[in-house]
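> Sharing a structure with you now.
Coordinate-derived values only; no laboratory data. These numbers come from a predicted model, not from an experiment. Glycine gets a Cβ as well: all are built from the backbone with ideal geometry, and neighbour counts include every protein chain shown.
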Amino acid sequence: MWKKLSKEAIRKRIFDSLNSNIDFYEGKILGVPASHLDGQVFYKDASFLKDKPFLYTLVNNPNHIGCHTLGDSEAFFEGTQELEREVISICSEDIFKGKKHGYDGYVASGGTEANIQAIWIYRNYFKKEFKAKLSEITILCTRDNHYSMDKASNLLNIGIQHIHTNHNDRSLDQDDLDKHISRLMAEGKKYFIVVANMMTTMFGSVDDVDQYASILKKHQAIYKIHIDGAYGGFFYPFSNQKTNMNFSHPEITSVTLDAHKMVQAPYGTGIFMIEKGMMQYTFTEEAQYVKGLDATLIGSRSGANAVAVWMILMTYGPHGWYEKIQLLLIRTNWLCDQLSTLGIAFYRNPYSNIVTIHGNQLSAGLAEKYGLVPDSHGTPSWYKVVVMEHVNVDNLEPFIEDLKQEKQL
Ligand SMILES: Cc1ncc(COP(=O)(O)O)c(C=O)c1O
């Protein structure tokens, strides 16, 4: 269903959607604790807005509270909710190869929220369906995971186990996983929430879901697998088209994506997707004033965020998006070739645009000059280069020249 649209078609669709939302300016809606943006500061009638669908959406200020792929939703904002549903369908069906209408999801505030949402759902699922005690549930992830899993462990009051990764190739250490599962099960843990990485924050490394699944099966553990694609979810499926790290894999039931990273959407555009039947585990029955209740972590959220993601996806279409990712890969290959020629040690997954250089290969001053991000600001062992849209070969070249000088080559 993902097809490139012209600028005019995008504009028309968004304005039509806003026309299907309630019009706060008409003043007929009396019971909603919401309105358009403050009229003294944000003018609705500024002439340029008619060609700026995103800004116009911001001024109209739709609230997308709740999850709109599931049951009833607030009718006030049904026009733009439909665009959000299309975003979830494109991501779950076209990009992550799920079956049609098989997934629920919403535009979350970011990757952190989407990861916590997944863990919250699985925790409640184990509690409800297996009468699990909190002390019997554990999050499993690698030591390269984003810290949102540690936040989830703290908030949801369940344990977390970080599995060792091999230093040079960042792959999951299968023996360490095996050892930890044996120990955890002996200690009474029965239910595991695996969070597998689709490109880690620091290394761009990708976990092998089957490694987790085979060891957990060997121990006859009960588990669910979530993919953290906050960084890589809009990259890896296009750079490695043969991957089965998507909903075609029978073990993968939910995915986090971030549109505010690779997609360059405004901040506040994480995406959460999960197979149908699971979202209900986080329904808050007490949210009685929200039509359709609320199964999301966040509550009120801007519909403009969903519109922004929809606009970007429709502007590129699948082929345009594929080309964009190929360009970033070409630049990343260039950087890696230069580093290899200089004999500088680094890690890079061949399908990723992150290059992580060993900390002893360059000075802290050089890293600072080029804004390379360390793994730890206190004691850096690695520095990363992230080849984003604004990082091109012209920008990379001076860095390579400085590296050469530093190495006296
Ligand atoms: C792999 C990964 N997961 C989750 C997150 C958290 O995303 P956010 O900052 O959007 O909450 C990040 C952020 O860098 C990330 O790289």
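> Could you work out how far apart the two model spin labels at residue 167 and residue 404 are, taking each label as a point 7 Å from the Cα in the direction of the beta carbon, and quote it in nm?
Those two pseudo-labels are separated by 3.1 nm.
> Given a Förster radius of 25 Å and the C-beta distance between residue 20 and residue 72 as r, what FRET efficiency does 1/(1 + (r/R0)^6) yield to the nearest 0.05?
About 0.95, to the nearest 0.05.
> Helix-derived [θ] at 222 nm for the chain: sum -39500 (n - 2.57) over DSSP H runs of at least 4, divide by residue count, nearest 500?
Per the formula, -12000 deg cm²/dmol.
> While we're on this one: Taking all pairs of distinct Cα atoms, average 1/r, flip it, and tell me the Kirkwood hydrodynamic radius of the stretch 171-316 in Å to one decimal place.
Computed over the stretch 171-316, the radius equals 17.4 Å.
> May I pose another question? Would you mind estimating how fast the stretch 1-61 diffuses translationally, via Stokes-Einstein at 10 °C and 1.306 mPa s with the Kirkwood radius over Cα pairs, in µm²/s?
123 µm²/s
> A further question on this structure: What is the diffusion coefficient of the chain in µm²/s, taking the Kirkwood radius over Cα pairs and the Stokes-Einstein relation at 4 °C with a viscosity of 1.567 mPa s? Let's see the in-between values first.
On the way: Rh = 22.8 Å.
The calculation lands on 57 µm²/s.
> Which of the trypsin sites (Lys or Arg not before Pro) across the stretch 326-384 are loop residues per DSSP, with 14 or fewer other Cβ within 10 Å?
In loop regions of the stretch 326-384 (DSSP not H, G, I, E or B), there are no sparsely surrounded trypsin sites (Lys or Arg not before Pro).
> Moving on. Just need the Rg to Rh number for the stretch 152-257, please, alpha carbons only, Kirkwood Rh.
Reported Rg/Rh, Kirkwood definition of Rh: 0.96.
> Okay, next question. Please report the spacing between the Cα centers of the stretch 15-39 and the stretch 174-194 in Å, no decimals.
52 Å
> Which number do you get for Rg(Cα) / (2.2 N^0.38 Å) in the stretch 78-299? All intermediate terms of the calculation are to be shown ahead of the outcome.
Values: Rg = 16.8 Å, N = 222, 2.2 N^0.38 = 17.1 Å.
This ratio for the stretch 78-299 stands at 0.98.
> Where in the stretch 196-269 are there trypsin sites (Lys or Arg not before Pro) that are in a DSSP coil and have at most 10 other Cβ atoms within 10 angstrom of their Cβ?
Numbers: sites: 217, 218, 224, 242, 261; in loops: 242, 261.
Filter output for the stretch 196-269: 242.
> Please list, by residue number, every one of the trypsin sites (Lys or Arg not before Pro) in the stretch 137-193 that is coil in DSSP and has at most 14 other beta-carbon atoms within 10 Å.
For trypsin sites (Lys or Arg not before Pro) across the stretch 137-193 that sit outside H, G, I, E and B with at most 14 neighbouring Cβ atoms in 10 Å, the list reads 143.
> Determine the distance separating the Cα centre of the stretch 113-135 from the Cα centre of the stretch 340-409; give it in Å without decimals.
Their Cα centres are 40 Å away from one another.
> Follow-up. List the longest stretch of the chain that has no exposed loop site; here a site is one of the GluC sites (Glu not before Pro) assigned by DSSP to anything other than H, G, I, E or B, with at most 12 other Cβ within 10 Å.
So the longest stretch without any such site is 1-186.
> Considering only Cα-Cα distances, which of the following residue pairs are longer than 25 Å: 4/44; 261/291; 131/189; 97/324? Walk me through the numbers before you get to the answer.
On the way: 4/44 29 Å; 261/291 31 Å; 131/189 13 Å; 97/324 20 Å.
Beyond 25 Å between Cα atoms: 4/44; 261/291.
> Once Rh is set to the Kirkwood radius over Cα pairs, what Stokes-Einstein translational diffusion coefficient, in µm²/s, holds for the stretch 297-353 at a temperature of 4 °C and a viscosity of 1.567 mPa s? Walk me through the intermediate numbers first.
On the way: Rh = 14.3 Å.
Estimated via Stokes-Einstein, D reaches 91 µm²/s.
> Continuing with the same structure: Given that compact globular proteins tend to follow 2.2 N^0.38 Å, what is the ratio of the alpha-carbon Rg of the stretch 317-407 to that value?
1.10
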